[in-house]
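Novice: Can you read through this structure? Questions will come right after.
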Amino acid sequence: MIDKEALRLSYRKKRRELSTQQIRDFSADITEKFLGFLEENRAIQHIHLFLPIDRFHEVDTFPLFYTLQERGYFLYTSQVNKVKDQLDTLDISKIKGFEADAWGIPLPVGGRPCAAHDIQLVLIPLLAYDVNGFRIGYGKGYYDKYLASLEQEVLKVGLSFFLPEPVIPVEPHDIPLDVCFIPHQVFHFNN
């Protein structure tokens, strides 16, 4: 089995090899599939999104954010609290835009710190994932800690440009995805 760091390097390279147009097209397809999923699951109204970092070549969630905002969903994101080494939740339902910080991380203008108890679904950034829903992120463990801190059960959703690996290394603190959206396909995991 390939180790986590080798998978991180491999998937960072795979992402860099995608053109800007491919990222845009794949992201649009993923957004369309996710919006269809929400149409079938109308009880989900409180959604936590990750904001894409351009230099990481992530799935672009900005079009999804603006569509969900227009449709009246309650929207949240997180920002790193370096003092507590955790993610703090921000309400971004009514914000008007974003600014990039010194590292190119998008920050919501006017995002308000809030409790996370209403969140029903969390979109989770990832580099790779496997057929069982386990994922590899950037190695800091922020999202596993964040998910473990939530008092309620949430739907854990990944977004990726690529098919799953057969298996990836798993650690005791790893929390698997329930669903992963990729271009042209949706994977549901039985966890």
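Novice: Would you pull out the residues with amide H under 5 Å of Gln86's amide H, same chain only if 5 or more places away, H placed 1.01 Å from N?
Specialist: The answer is Asn81.
Novice: Test of understanding: what is the full-extension gain from Val109 to Arg8, defined as 0.36 nm times their sequence separation minus their Cα-Cα distance? Before the final figure, lay out each step's value.
Specialist: Values: separation 101, 0.36 × 101 = 36.36 nm, distance 3.08 nm.
Result for the pair: 33.3 nm of gain on full extension.
Novice: Restricting to segment 79-191, compute how many DSSP beta bridges are antiparallel as a %, nearest 5. Numbers along the way, then the final one.
Specialist: On the way: 14 of 22 bridges.
Taking every DSSP beta bridge with both residues in segment 79-191, the antiparallel ones total about 65 percent.
Novice: For the chain, with every protein chain kept in place, what is the accessible area per residue (1.4 Å probe, Å²)? If you can, show how the numbers build up before the last one.
Specialist: On the way: 10120 Å² over 191 residues.
Accessible surface, normalised per residue, equals 53 Å².
Novice: Select from Phe62, Asn132, Thr20 the residue farthest towards the positive end of the dipole of the chain; place +1 on Cβ of Lys and Arg, -1 on Cβ of Asp and Glu, and compute about the Cα centre.
Specialist: After comparing all options, I get Thr20.
Novice: Suppose R0 equals 41 Å; then what is the FRET efficiency for Ala43 and Asp85 from their Cβ-Cβ distance, rounded to the nearest 0.05?
Specialist: Working: r = 33 Å, r/R0 = 0.81.
The computed FRET efficiency comes out at 0.80.
Novice: Between beta-carbons, use under 14 Å as the cut-off and find the net charge around Leu177, counting Lys and Arg +1, Asp and Glu -1. If you can, show how the numbers build up before the last one.
Specialist: Values: positive: Arg135, Lys156; negative: Asp130, Asp144, Glu153, Glu165, Asp174, Asp178.
Summing Lys and Arg as +1 and Asp and Glu as -1 gives -4.
Novice: Can you tell me the length gained on complete extension of the stretch Tyr66 to Thr20, counting 0.36 nm per residue apart and subtracting the Cα distance?
Specialist: Numbers: separation 46, 0.36 × 46 = 16.56 nm, distance 2.01 nm.
Stretched fully, the Tyr66-Thr20 segment lengthens by 14.6 nm.
Novice: What percentage of the solvent-accessible surface of the chain, computed with a 1.4 Å probe over protein heavy atoms, is contributed by carbon and sulfur atoms? Please report the intermediate quantities before stating the final value.
Specialist: Working: 5340 of 10120 Å².
After summing per-atom areas, the C and S share lands at 53 percent.
Novice: Moving on to the next point. What is the antiparallel percent of DSSP beta bridges lying wholly in segment 1-104, to the nearest 5? Walk me through the numbers before you get to the answer.
Specialist: Working: 6 of 9 bridges.
Here the share of antiparallel DSSP bridges comes out near 65 percent.
Novice: Now for a different question. Which translational diffusion coefficient, to the nearest whole µm²/s, is obtained for the chain from the Stokes-Einstein equation, given a Kirkwood hydrodynamic radius over C-alpha pairs, 37 °C and 0.692 mPa s?
Specialist: Details: Rh = 17.0 Å.
Answer, rounded: 194 µm²/s.
The values are calculated or read from the model by the stated rules, or taken from the named source; none is laboratory data. Quick caveat: nothing in here was measured; it's all calculated off a predicted structure. Cβ coordinates were reconstructed from backbone atoms using ideal geometry, including for glycine residues, and neighbour counts include every protein chain displayed. Just so you know, the surface numbers come from the protein's heavy atoms only, side chains and all, with ligands and any DNA or RNA stripped out. Shrake-Rupley method; radii C 1.70, N 1.55, O 1.52, S 1.80 Å.
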